[in-house]
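> First, the structure itself, so that you have it in front of you.
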Protein chains: 2
Amino acid sequence: MPRRSAVDALETRSEIVQRAMELASLDGLEGVTVGRLATTMGMSKAGVIGHFGSKERLQLAAVQRAAEVFAREVWQPAAGLEPGLERLLAVCDAWVDHVVRSPYPGGCFWTAASSEFDGRAGEVRDAVLAAMRGWDEILIADVRAATTAGELAPETDPRQVVFELRGVTMGLNQAAQLYADPRGRARGRRALRRVLGVVEAPARA
Amino acid sequence: MPRRSAVDALETRSEIVQRAMELASLDGLEGVTVGRLATTMGMSKAGVIGHFGSKERLQLAAVQRAAEVFAREVWQPAAGLEPGLERLLAVCDAWVDHVVRSPYPGGCFWTAASSEFDGRAGEVRDAVLAAMRGWDEILIADVRAATTAGELAPETDPRQVVFELRGVTMGLNQAAQLYADPRGRARGRRALRRVLGVVEAPARA
């Protein structure tokens, strides 16, 4: 019976983290209160917090899980491709779909967490930034591979490309969530391809 | 004396709205509680809410004021220029400066408000979206003028351009606030110029 209890505890903990991510996408990580989680889980507050120790640990668990979800949906389907432009394009398409068909009710977890924590110090901000920098480095490596292979221009600045890819995906989340723009997905795909030089700049003759 | 009191009341109301915008940029519009405002203003809660009637009215006043600040900093300096590419570039440069040297302690009010309210219904969301659509229409008119003047390619899609400009400025706010990237301003200017076709796509040979 102890083993079964340990499995139950892990499953309960996992469910709490899932609910926390969903609530965070709607109302921010600070809006994820132990009281709300307890209500939605049908648990006591002490029962919820007992799995983590503190609200901050719970928030950190949600950030960690969101990073795993992102990796599974955006990176892993393309990870087996050769490094370079083909893989970048596959990743960009998956990123667009991840944002538009968000696994969270309130849209992109990272845009919300970034906006919420960018003015604060602490472990949650550090964890959000570390996860985002990790993704940046993966993208930068593929931009470099594409440049070395001659698929991108020699003067390509990988960090500029990543800056622009991030901007497009944030704008896409806004178009999908705030504007409810049915053309958001097509606009996002086009914008990402333009950043990568695969389609002409729309403003150039 | 009644006239003096009326002026005082307007000034106090204006100061409350200013504090509300500052708090909102750090902790979101929902984080702007009457209690916090009362504490920072050295007023009673009843005194604060008496100027507005409800928290929602106070939030709406903050959105309205933020729109005025944006117009003053980003639109008005360029408004006297001829419609077209020159004015678009002047507006984009002012937009970059507005985001990087934000008048709010927590960075871009609109990115924060958009992220916070995109999953909610109600008057505040409607006001945020209406203000943003108003800005979109101003940009679209200048993209059309630039296209008519032959400064942008005939096939330019104004809404695609605005989608991309918005994405860059959101990414810029993230770079400035979360990443504290000292190159954010230069990256933002370059990205906006690329959207407008004034510099080559970084990834094209």
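> Determine which single condition B:Arg183 fails, assuming it passes every other condition in (1) more than 29 Å from A:Ser114 (Cα to Cα); (2) modelled with pLDDT of 95 or more; (3) surrounded by fewer than 19 Cβ atoms within 10 Å (Cβ to Cβ); (4) more than 7 Å from every other protein chain (Cβ to nearest Cβ).
Of everything listed in (1) more than 29 Å from A:Ser114 (Cα to Cα); (2) modelled with pLDDT of 95 or more; (3) surrounded by fewer than 19 Cβ atoms within 10 Å (Cβ to Cβ); (4) more than 7 Å from every other protein chain (Cβ to nearest Cβ), B:Arg183 misses just condition (1).
> Read through the list (1) more than 8 Å from chain B (Cβ to nearest Cβ); (2) of a type in the set (A, V, I, L, M); (3) closer than 19 Å to B:Val162 by Cβ; (4) surrounded by 23 or more Cβ atoms within 10 Å (Cβ to Cβ), then give the number of the only condition that A:Ala113 fails.
A:Ala113 satisfies every listed condition except (3).
> Could you run through the stretch B:83-110 and say how many residues are within 12 Å of chain A (Cβ to nearest Cβ), open to solvent by 10 Å² or more (accessible area, probe 1.4 Å), touching an Asp or Glu at 6+ places or on another chain (Cβ under 8 Å) and at pLDDT 95 or above?
1
> For residues that are of a type outside the set (A, V, I, L, M, F, W, C), part of a helix (DSSP H, G or I) and open to solvent by 30 Å² or more (accessible area, probe 1.4 Å), tally how many sit in the stretch A:45-63. Let's see the steps before the verdict.
Looking only at the stretch A:45-63, we keep the residues that are of a type outside the set (A, V, I, L, M, F, W, C), and these are A:45, A:47, A:50-51, A:53-57, A:59.
The next check asks that each one be part of a helix (DSSP H, G or I); those that pass are A:45, A:47, A:50, A:55-57, A:59.
Remaining after also requiring open to solvent by 30 Å² or more (accessible area, probe 1.4 Å): A:45, A:50, A:55-57.
So the count comes out to 5.
> Would you check which residues across the stretch B:64-94 are part of a helix (DSSP H, G or I), closer than 21 Å to B:Glu151 by Cα and among the hydrophobic types (A, V, I, L, M, F, W, C) and list them? Quick ask: steps written out before the conclusion?
Taking the stretch B:64-94 as the starting set, the residues that turn out to be part of a helix (DSSP H, G or I) are B:64-79, B:85-94.
Going one step further and asking which of them are closer than 21 Å to B:Glu151 by Cα, we end up with B:75, B:78-79, B:85-94.
Across the stretch B:64-94, the qualifying residues are B:Trp75, B:Ala78, B:Ala79, B:Leu85, B:Leu88, B:Leu89, B:Ala90, B:Val91, B:Cys92, B:Ala94.
> Shifting gears a bit: Scan the stretch A:103-130 for residues that are among the aromatic types (Phe, Trp, Tyr), touching a residue at least 60 places away in the same chain (Cβ under 8 Å) and outside any loop (DSSP other than H, G, I, E, B) and report the count. Please lay out each step first, then the result.
Quick first cut of the stretch A:103-130, residues among the aromatic types (Phe, Trp, Tyr) only: A:104, A:109-110, A:117.
Now drop any that are not touching a residue at least 60 places away in the same chain (Cβ under 8 Å), which leaves A:104, A:109, A:117.
If we keep only those that are outside any loop (DSSP other than H, G, I, E, B) as well, we get A:109, A:117.
Looking only at that region, the number is 2.
> Please verify whether A:Gly197 is in a loop (DSSP other than H, G, I, E, B) and buried (at least 21 other Cβ atoms within 10 Å of the Cβ), treating the condition exactly as stated.
Numbers: in a loop (DSSP other than H, G, I, E, B): yes; buried (at least 21 other Cβ atoms within 10 Å of the Cβ): yes.
Yes: the conditions hold for A:Gly197.
> Given the structure, is B:Asp142 in contact with a Lys or Arg (Cβ under 6 Å, 6 or more places away or on another chain) and either under 16 Å from A:Val168 (Cβ atoms) or not β-branched (Val, Ile, Thr) (or both)? Even if it seems obvious, please write down each step before you answer.
Details: in contact with a Lys or Arg (Cβ under 6 Å, 6 or more places away or on another chain): yes; either under 16 Å from A:Val168 (Cβ atoms) or not β-branched (Val, Ile, Thr) (or both): yes.
Yes.
> Going through the stretch A:64-82 one residue at a time, which ones are closer than 19 Å to A:Glu22 by Cα and either in contact with a Cys (Cβ under 6 Å, 6 or more places away or on another chain) or open to solvent by 80 Å² or more (accessible area, probe 1.4 Å) (or both)?
A:Gln64, A:Glu68, A:Arg72 - these are the residues of the stretch A:64-82 that are closer than 19 Å to A:Glu22 by Cα and either in contact with a Cys (Cβ under 6 Å, 6 or more places away or on another chain) or open to solvent by 80 Å² or more (accessible area, probe 1.4 Å) (or both).
Residues are listed down the side, and each one gets a yes or a no for (1) out of contact with any strand residue (DSSP E or B) (no Cβ under 9 Å at 6 or more places or on another chain); (2) modelled with pLDDT of 90 or more; (3) surrounded by 15 or more Cβ atoms within 10 Å (Cβ to Cβ); (4) part of a helix (DSSP H, G or I):
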| site | (1), (2), (3), (4) |
| --- | --- |
| A:Ile16 | yes, yes, yes, yes |
| A:Arg19 | yes, yes, yes, yes |
| A:Glu30 | yes, no, yes, no |
| A:Leu37 | yes, yes, yes, yes |
| A:Met43 | yes, yes, yes, no |
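> Restricting to the stretch A:152-161, name every residue that is part of a helix (DSSP H, G or I) and open to solvent by 10 Å² or more (accessible area, probe 1.4 Å). Full working, then the answer.
Keep residues of the stretch A:152-161 that are part of a helix (DSSP H, G or I), which gives A:158-161.
Scanning the stretch A:152-161 gives A:Pro158, A:Arg159.
> Moving to a separate point now. Assess whether A:Ala9 counts as being within 26 Å of A:Ala130 (Cα to Cα) and open to solvent by less than 50 Å² (accessible area, probe 1.4 Å).
No, not satisfied.
> Sticking with this structure for a sec: For the stretch A:52-68, which residues satisfy the criterion of being among the charged types (D, E, K, R) and under 12 Å from A:Arg125 (Cα atoms)? Spell out the reasoning first.
Applying the first criterion (among the charged types (D, E, K, R)) to the stretch A:52-68 yields A:55-57, A:65, A:68.
A:Glu56, the sole residue that qualifies.
> Let me ask another. Could you tell me which residue of the stretch A:146-164 is nearest to the chain's Cα centre (by Cα), considering only residues that are at the interface with another protein chain (Cβ under 8 Å from one of its Cβ atoms) and among the charged types (D, E, K, R)?
The residue in question is A:Glu164.
> Quick one: which residue in B:Gly197, B:Gly134, B:Gly167 is within 7 Å of chain A (Cβ to nearest Cβ) and modelled with pLDDT of 95 or more? Spell out how you get there, then give the answer.
Numbers: B:Gly197 fails: modelled with pLDDT of 95 or more; B:Gly134 fails: within 7 Å of chain A (Cβ to nearest Cβ).
Answer to the selection: B:Gly167.
The values are calculated or read from the model by the stated rules, or taken from the named source; none is laboratory data. Worth saying up front: this structure is predicted, and the values here are computed from it rather than measured. Note that each Cβ is placed from the backbone with ideal geometry, even for glycine, and that neighbours are counted across all protein chains shown. Just so you know, the surface numbers come from the protein's heavy atoms only, side chains and all, with ligands and any DNA or RNA stripped out. Shrake-Rupley method; radii C 1.70, N 1.55, O 1.52, S 1.80 Å.
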